[in-house]
Amino acid sequence: MENTREAAPFTEAPSPASPTETMTAASPVAPVTVVLAEDIAILRKGLRATLQAFDTVEVVGEAQDGLEAVAVVERLAPDVVLMDLCMPRLGGAEAIAAIKAIRPRTRVLVLTAGVEVEQVRATLAAGADGYLLKNVAPEALLAAVLQVTAGRPFGQPCVCPEIAALLIGDRGPAGVSLSTALPDTP
């Protein structure tokens, strides 16, 4: 299925110093619903606790592999999926493509430890709305979730120059430039 999202201009997210203050006024009345797709249980629990500390987000489901992620998204129709790429049964890029086929309005934000050029390309081609690394600060994660929910793509700068060039220079889904929005996080 071809991605027919309308291109939205890429805008800079608020500084990590005060995203909750800045984003609260712009947040929808109802919390953003999120499904966590991560194969490591302790990471899912940590992500759940981190996101639920913000009143603008509600974690509504979890999946421990790619096939389960597709099924959970089909059943719950969340606003956002936080997707790891290295998962059993169905890899992240394949799961993203399947999710976009059944729920095109659901945003997919990749949260991963890897920054391999071909993996980033495959992820963006599958329809990912954003890409960030697992070393992201909680406030930056919230900012990314809210940004993709608003229909604006999100890209986190990476330490690898090839990945940074890919995110800045290449065009993502629907021709949207996926330039960087937040500074690197330690």
>> Run the numbers for residue 150 and residue 67: contour at 0.36 nm per residue of separation, minus the present Cα-Cα distance, in nm.
In response: 27.2 nm
>> Would region 47-157 count as rounded, prolate or oblate if I go by the C-alpha gyration tensor, calling it rounded below 1.5 in a/c and otherwise prolate when a/b exceeds b/c, oblate otherwise?
In response: rounded
> For region 31-151, with only Lys/Arg (+1) and Asp/Glu (-1) charged at the beta-carbon, what is the dipole magnitude about the Cα centre, in debye rounded to 20?
Replying inline: 140
> In terms of modelled amide H atoms, which long-range or inter-chain residues lie less than 5 Å from the amide H of residue 81?
Replying inline: 35, 107, 108, 109
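Read-outs: derived from the displayed coordinates by stated rules, not from any lab. Remember, it's a predicted structure, so these values are computed and weren't measured experimentally. Here Cβ is always computed from backbone atoms with ideal geometry, including for glycine, and neighbour counts include all displayed protein chains.
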